[in-house]
Each structure stands twice: as C-alpha cells, then as structure tokens.
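Read through the structure below, which is laid out as structure tokens, and then see the notes.
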Amino acid sequence: MLKVDGLTCGYGHKVIISAISLHVKSGEFFGLIGPNGSGKTTLLRALSREIAPMNGAVLIDGKNVGDIPVRDFARQVTVVSQVLPEVDLTVEEFVLLGRLPYFNAMQFVESKHDMAVAVRCMALTDSLRFKDKPLDHLSGGERQLAAIARALAQEPRLLLLDEPTAHLDITHQVAVMDLLRKLVRELNLTVVMVLHDLNLASEYCDRMALLRAGEIFAAGTPQEVVDYRVIEEVYKTIVVVNRNPVSGKPYVLIVPDDELCKSRGAWGKAGRLSDGA
Amino acid sequence: MKYARWASWLVFLILLLGAVMVWSLSVGASGISAARVVRILCQGGSPVEHSIIFDIRLPRIILGFAVGGCLSLAGVILQGLFRNPLVEPYTLGISGGAALGVAVNIVLGLSAVGAYTLPVCGLLGAGGVILFLYVSSLRTGVVKLQGLLLNGVMISFISSSLVMLLMSIASSDSLHGIVFWMMGSLGGSDLSLVHFMVLVSLASLAAGYFFCLQLNALALGEEEARHLGVPIEQVKKILFVFCAVLTGFCVSIAGMIGFVGLVVPHVMRKLVGSDHRILLGASFLAGALFLIGSDTLARTIIAPLELPVGVITGIVGGSVFLYALAHRGGLSHA
C-alpha cells in the first residue's frame, strides 16, 4: 500500500534521511524506531507530505503522494501529532474538524452523516464520555484518544502517528496501543508510527524499521529487528534481549554501567550478556 | 444546541444594531425623537427632517456600518490567520502606507484637483505596502507569517516617521488636514464613496464566509490544517491580500480609526466562541455597532464641536478591553 522508493530528504540543503526504501502492506502495523536524530520523524513528515523529497518518491497504491490533491490526500492519510494544539474547542468540535475534507464548497454546517461519523469515532476511541470537555482540560491520555478520534473522523486508510505514547503512563500506553491494534484489525487501517519505546514497538508492531543516521539499519519482524547485536550496534548501549513469556515477543533490558563492571569482574573478560538467558 | 445559540446571537446583534442606528439618527444638533425617526423612515416627514436624516446622518451611519464591519472582519481573519490575538488590521503597516499616501497628497495640495484624490492616494499608499509585504515575504513561494508580521510592524514605523517628517515641513493648513485625517472621521464623505464602501463590506463578509472552516482548521496550526486538507499556502495568500485590501479601503475613506479591528474580535470571541462560522458574522455586526455608536458619541458629546471618532474608539475600546482582561481571567487565549 505504502511504498517508499529511494527517498532522500531533509530541511533546506541539509540531508536528514538518504535513499530509504520500504514497503508497508495494507492492514499492517508498522513501527519506525531508532535513536534520537536518526530521522524517524523526518521520514514520517515526508510520508505526510510535510516535506518534499529531494530524491526518490513516496507512493500510495502506486501513486506519487505529491500528485494527490490536498483534500483527497486528507481523506486517505491522516496524521496524529505528538502534541495537541492549544485551542479552546470541545472534544466534539475538535473531532468534527476531521470531517473537513468531506465538506462541499458551499457547506457550512456538519451534516447528520458527519455527526454520526464523529460520534462513531469517539465511541471507538472511548472519548465519547468526555466529548463536551474543552481540549485543554483533558489529561494526557484523553488528549491522545481525542487526537486519534479526530484522525479517524477523516476516514483514512493510512494513519501516521508520531510517538502517540510519549508522556503517558503504562496504563494509557497500553490503552492507546491496544486501540490502534484494534483499529488496524477492525477497520483494516494501515498504521505507521514513530516509537521511542523499543518494547512497545516490539510488542505491537507487525513489522518495523530501525533507522540509524538517516538510513535503514534493519527492517523486518520484531524478532528480526529486536536482536541484541542490532540494538547494541545502533544504540551503542549494552542491552539484554529476552522474550515476553506471555506474547513471545522480544523485549529489551538495559544494563547500568556499574552492574556491567560487576558482572565483568565475576565472569572474567570474556563474560558477555547475551540473548536468551 | 449550538446553531440555535448562534442564531440568537445574530438576532440579538442585529436588533442592537438597529437600535443604535435609530438612536444615532435621533440625536444631534436638532434632536428628533426616536419614535419620530421611525415614523420618518416609514412614512416620510417634513423636507428639513428628511434632509437631516437622509442626507446628513444616514450616510455617516452607513459608512460607520461598512467601515466598522470591514475593520472588525479583517481583524478576525488576521487574528485567525496569524493565530495571534494582538494582530489587527493596522499592525501590518497598511494603514501606515495609507497615511503616508494621504500626507503626501495634502502636502502637495493635490486635493485641489478633486476630493477623490484623497482616498485614491491613501489606496495607492496602502497598495504599495501590500505589494511590498507580499513580494518580500513570498520570495520562496511560502508565506512565512511571522516574517510578514515583523515586516509589517517595521513598515508601520517607517511610514509613521515619514509622515512626521512631512508634518514637520508642512504648512499649518496642511498640518491640520493631516492630523484631522489621521484621527479618523466618518463625516463629509462623498455619497458614492459611501455606497461603494457598503457594497465592499457586504461582499467581503460573504467572501469571508468561504474561508470560515479553513480558519477553524488553521486554529490548530498550519501543519494540522494541512493534514485536514486545507491548501494552506493558497489560503494564506488570499486571506492576507483580502484583509490588506479591505483595510486599505477603510483607511483611505475614513482615516485611521484604531482599535475596532483589535477589540471587537476579541470581545466577540469571548462571547460567541472561537468558531469562525459565527465569529465572522458576529464580529462584523459588532464592529458596525461599535463604530456607529462611537461616532454618534463623538459628534454629540461636546456638540456643536465634534471629536475625532478614533479618540472615542480608543478610549471606549481600550477601557472595555482592560475591564475584560481584569474580570475574565485574560482574553489572550485566541
């Protein structure tokens, strides 16, 4: 569905990501991971047409995204940003703005259908219960749900998210990720998201791409990408990768420096922490 | 229900506007009671009363309606566009340009050629500034709104300095003319200009409504608006030129009437909410209301002398603004 073909882009003359190619299938939950400054967000911004490619192309169903009219694009692809804008709108008004790409030129009020879609999206994201609250009175988790509801109101096929779980506690992290997975399954949505948290990414993504310095270092299933050799190479940090006993997905454990010294002392110079205890 | 609330606001403002208009028609050097005004409007009256109402007071009211509405409309749109509650039509330097045009006209004595040259020169000055701002901020094809704002503020300074330069070398007659114009006045305008302004104002209100939803989306920020399918660069260019031209017309015809475009949108946003679908119409009506009311005060408060209307809008508008700031926990939230 989404194809990135030799994409090079950046800001001004500064190249941030170079010659990136990847393919996201329809209905896939795809994660972009990588260290700070590796170009994850830049890649996401290129996918959402926020920045134009210097070279290469982003294709949706074989069509170059730059050639799709703005309104049509907004009906297919939608973006959930990290922070919600500071405006005095209620959640319902905010979600209804998501219907904008479907308004006629002479239409000034929402139709019954628009209203119904907004209500359905709020119900789906469990944000119906606070629909009359102003946006700036919401908690972090509620804000994220409202933002996803607005994105869904655009009835997109591709949902792009930039760290939807940043600043959330684990309850809300899991709630948001579970919701997204449900959406992928029930609405056959395709999700591409930037994630910092390797464990969340590993747990929820069907496939993922690990970026380093603007290039794809590894791509594939969580089992392929979340490997201690790969992670250590990219993040320059000693880690232990183990498997979640419930889901069987790999997870990453960090190792503090003094623990590392202790264990080196105990195990001698050849001592090494490795995959699977 | 939201729409019912909007409708009642509009009805309320229209009724209030009607009342202020009748009040404005009835007060003045020769007082005519409000009831009498209504009767004259409906059935006609003596030739003298007819003349006072239709030839003297009504054109001023109509001009106040048009200019007040336009300034307020331009203010709402600019504040929405820049997402900055301190922006008003005069921030962009357009009024400075118009003032410079008018000052040049007066100093050179061009008004001897015809009364029309004054607004024409104002419009030329405003047009020059618009053109400069547009070209200078569009070099890369992308409008950088903050840059535009800074340019506008700088142009305001430069042109006001140039106007002061002209004033310092002008004869006392010209000086009086410039000062009087700069203080703003709704009186003494040519009737065809008044009619023209009304058409401009109503047309611009209608045109503004084509952008109300896009302005709503813009409140979320440029990126978010683009994600909602708003062709943002195009909208920014159109709205900027639209507001600039509107301001140019207002300033050229009625002089510098400050504060309408800043205060009215603020107060309306607090009262009716920040949805531009109601905000545009409500601000237009309230702007008209505010300016007609201020002008009526200006011409009656120390009658037979007349105060510049800008003095009233500044004092009343500023006081209302301060009051609202103190009692509403701040208006700054756009």
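The values are calculated or read from the model by the stated rules, or taken from the named source; none is laboratory data. Just so we're clear, the structure is a prediction, and the values are computed from it rather than from any experiment. Here Cβ is always computed from backbone atoms with ideal geometry, including for glycine, and neighbour counts include all displayed protein chains.
The table that follows gives values for the structure above.
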item	result
Any hit, the range A:13-23, residues being closer than 24 Å to A:Gln154 by Cβ, in the same structural domain as A:Arg181 (by TED's automatic domain parsing) and surrounded by 14 or more Cβ atoms within 10 Å (Cβ to Cβ)	yes
Selected residue (only one of B:Ser274, B:Ser283 is in a loop (DSSP other than H, G, I, E, B), of a type outside the set (A, V, I, L, M, F, W, C) and surrounded by 19 or more Cβ atoms within 10 Å (Cβ to Cβ))	B:Ser274
Those residues of the range A:153-171 which are within 13 Å of chain B (Cβ to nearest Cβ) and of a type in the set (A, V, I, L, M), in sequence order	A:Ala153, A:Leu158, A:Leu159, A:Leu160, A:Leu161
Pairs with Cβ under 9 Å, 6+ apart, first in the range B:196-209 and within 14 Å of chain A (Cβ to nearest Cβ) and assigned to a helix (DSSP H, G or I), second surrounded by fewer than 14 Cβ atoms within 10 Å (Cβ to Cβ) and not small (Gly, Ala, Ser)	B:Tyr209/A:Phe108
Criterion violated by A:Val240 - all others in (1) within 11 Å of A:Gly31 (Cα to Cα); (2) part of a strand (DSSP E or B); (3) without any contact (Cβ under 8 Å) to a residue 60 or more places away in the chain satisfied	(1)
Out of B:Arg277, B:Arg269, B:Arg226, sole residue that is farther than 30 Å from B:Leu118 by Cα, of a type in the set (Lys, Arg) and without any contact (Cβ under 8 Å) to a residue 12 or more places away in the chain	B:Arg226
So A:Arg157, is it in contact with a helix residue (DSSP H, G or I) (Cβ under 8 Å, 6 or more places away or on another chain) and either of a type outside the set (A, V, I, L, M, F, W, C) or not assigned by TED's automatic domain parsing to the domain that holds A:Leu22 (or both)	yes
Subset of the range A:89-106 (residues that are more than 8 Å from every other protein chain (Cβ to nearest Cβ), part of a loop (DSSP other than H, G, I, E, B) and over 23 Å from the mean Cα position of the chain (by Cα))	A:Asn104, A:Met106
Single match in A:Ala213, A:Ala218, A:Ala209 (criterion: within 16 Å of the chain's Cα centre (by Cα) and over 14 Å from A:Glu163 (Cα atoms))	A:Ala209
Leading residue by the ranking (farthest from the other protein chains (Cβ to nearest Cβ)) among those in the range A:52-84 that are in a loop (DSSP other than H, G, I, E, B) and touching a residue at least 40 places away in the same chain (Cβ under 8 Å)	A:Gly62
Matching residues in the range A:186-206 - criterion: being assigned to a helix (DSSP H, G or I) and more than 13 Å from the chain's Cα centre (by Cα)	A:Glu186, A:Asn199, A:Glu203
